[in-house]
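Reading through the structure tokens given below for one structure.
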Amino acid sequence: MTNQSWYGVVGPENPITQGDIIFNCPLLTWVQDDKGNLDFEVIEIDAIVMTQACDLAQNHVASVMMGPCVRLSEYKSDWEIFQTKNGENPTSKSWKKQCENIREGYAWNLAMINKDDAISGMDENRIVDFRELFTVPRVVLDEQIKSPLFSRPRLKTPYREHLSQALARFFMRVGLPTRASKSW
């Protein structure tokens, strides 16, 4: 990766935009108890804003699309569990290949963003998982960033656009139905 920082740090005077990382972002999620009853709870996760900057700047959206932005070490732990469950041996060689595939864009549902030791909370690379996107009402995020103590990392150009392009590749996958005959 490059020596140039991928991030700027912005404060509460800066409105929310694409590429902002929100630590402890509130997320309303559904949970099911052992009897099958559904309820909801609020959890906090680190997330990155995926909604287009122009839509946010022009107030075209009431809800902001977010993607989970997990530390690489957390992702590795989950990856090892998944590999083991599927009868695979999670070796250091296979982990290195997995990271390379994510970095090169071959893992269609994932993107990796760089670390920056100079920014609190960004001390290791992070993984964004496009299969787990969610929305947060914009008013909730706007309220959260109002604190004078609240600063957040913001992806710089061109890294923000690369992440957006990776999301676009994820969404533009097309599965065509197979057909038994050429009747169309």
Qualifying positions in segment 60-81 - over 19 Å from the mean Cα position of the chain (by Cα) and either without any contact (Cβ under 8 Å) to a residue 60 or more places away in the chain or within 20 Å of Ile113 (Cα to Cα) (or both): His60, Glu80, Ile81
Filter segment 110-133 for residues that are in contact (Cβ under 8 Å) with a residue 40 or more places away in the chain and of a type in the set (Ser, Thr, Tyr) and give the result. none
It is to be established whether one or more residues within segment 131-138 are more than 22 Å from Pro15 (Cβ to Cβ) and within 20 Å of the chain's Cα centre (by Cα). yes
Can you find a residue in segment 53-67 that is on the phi < 0 side of the Ramachandran plot, touching a Lys or Arg at 6+ places or on another chain (Cβ under 9 Å) and among the polar types (S, T, N, Q)? yes
Suppose we filter segment 125-141 for residues that are among the charged types (D, E, K, R) and open to solvent by less than 50 Å² (accessible area, probe 1.4 Å); how many remain? 3
Scan Pro12, Pro26 and give me the residue that is within 21 Å of the chain's Cα centre (by Cα) and surrounded by 11 or more Cβ atoms within 10 Å (Cβ to Cβ). Pro26
Go through segment 123-147 and count every residue that is under 17 Å from Lys76 (Cβ atoms) and not β-branched (Val, Ile, Thr). 6
So, restricting to strands (runs of 3 or more DSSP E) that lie completely within segment 29-120, which ones have at least 3 residues that are open to solvent by 80 Å² or more (accessible area, probe 1.4 Å) and of a type outside the set (D, E, K, R)? 38-49
Among Ala166, Ala107, which is the only one that is touching a helix residue (DSSP H, G or I) at 6+ places or on another chain (Cβ under 8 Å), aliphatic (A, V, I, L, M) and in contact (Cβ under 8 Å) with a residue 60 or more places away in the chain? Ala166
In segment 131-169, which residues are among the hydrophobic types (A, V, I, L, M, F, W, C), assigned to a helix (DSSP H, G or I) and closer than 25 Å to Asn59 by Cβ? Val139, Val140, Leu141, Leu163, Leu167, Ala168
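The values are calculated or read from the model by the stated rules, or taken from the named source; none is laboratory data. Quantities reported herein were computed from a predicted structural model and do not represent experimental measurements. We place every Cβ from the backbone using ideal geometry, glycine too, and count neighbours over all the protein chains shown. Surface accessibility is based on the protein's heavy atoms, side chains included, excluding ligands, DNA and RNA. Shrake-Rupley method; radii C 1.70, N 1.55, O 1.52, S 1.80 Å.
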